[in-house]
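Asker: Right, I'll just put the structure down here and ask away after.
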Amino acid sequence: MRKMFGMEHVYGLCWMMLPGITTFGLMFMPDAVGADWPGWKSSMVLVGLTVIPTAFTLIVMSVGGVTAARWIAAVAVGGVLLRLLWTAYAGGWSATVAVLPLLLLLLGAALWLVYTWPRSSRPLRELAARHGWQVEDARKLNLPELPLPVGRAWSVRDAVRTSTGVAFEVRWLQWHWLIAHRRRLSVFTRILEVALPPLEVRPGGLARSDLDLESGEFNRSFDVLGEDPRYLTAALHPRNMQALLEARPIGLVINRAALVLYDDGPLTESLARGLTALDRVTVPRHVAEDYGQYAGTTPGRGLSFRVAEVSNNVVLARMFLFAGSLLGLTYLSCFAAVSIYGS
């Protein structure tokens, strides 16, 4: 008999109810400590309509590089920040202390939005101009799904196009429970004429490799991942190995029609090195004929990445931890305000 109520239903129910419950708890937090501050409830309603759904969205899903969504978030944070400042002013010192954690949270979010907003890089444009490369808006690129583990809230601004491929820098949030770290990756990609099986060459070496090649230096510098040793050996011929060795620490990923080189760092530091390696890394004709398929190699629409799957249990834990931490911190600040200044 099919289960009538599974984890998917629990997840959906929590997604709908938890923001409302959190907002309700924030609204009546002063009552829990015996205080009454003018404008508190209306301010918390505004927090519940903007900040909490935005935070839950970042926890649950990727917002990609949607410019409108980022501007809406920036305006919402600014509006809530001004409303909370007015609440603190109208309620006196006690309300100021009570609302201080939320003020700091929103101020940090506003600074984060400004700091992480991708801007056009003048050094990148100057570097591209010296080599005769073309700079274009990366949001207008049409590429197949790129086999890179880019995380949530990724953003891309400028891309450098050459006769053989395109390079750009992608930034995203790397989550460790409720702590998000900003990461960046320089990407150099070319669309192949055939769809090839997965192949990955990771910088590092001596960690996990599915194949030992004839070059000892290459084996010490890279880990080769793939299922078919014959395909890996044929694709990583001596010229490709030498190109990757000279481009270190750049890695290589091939999946279907996408050939991608990547470097964990700013694009301005690896642009020439990455594009040179992109020109030198080739797929031999016999590899394309033996292992390639001529289906499904058309470019995609826009940019997309291979996003790692996150289980519903982890998402629920993040949501409950965020809501509980926000309510607990607000309660402690309200209690401290009443204890020091009274209601």
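Asker: Given a Förster distance of 51 Å, report the FRET efficiency between Thr164 and Leu13 from their Cβ-Cβ distance, rounded to the nearest 0.05.
Answerer: 0.50
Asker: Another question, if that's okay. May I ask you to compute the full-extension gain from Asn142 to Arg230, defined as 0.36 nm times their residue separation minus their alpha-carbon distance, rounded to one decimal in nm?
Answerer: 28.5 nm
Asker: Same structure, new question: Listed highest first by mean packing, meaning other Cβ atoms within 10 Å per residue, what order do 230-237, 15-22 come in?
Answerer: Most protected by this proxy first, the peptides run 230-237, 15-22.
Asker: With each pseudo-label sitting 7 Å past Cα toward Cβ, what's the Val314-Ile340 distance in nm, one decimal?
Answerer: 3.9
A short reminder: the numbers here are calculations on the coordinates, not readings from a lab. Keep in mind that this is a model prediction, so the values were computed, not measured. Note: ideal-geometry Cβ built from the backbone for every residue, glycine included; neighbour counts use all protein chains shown.
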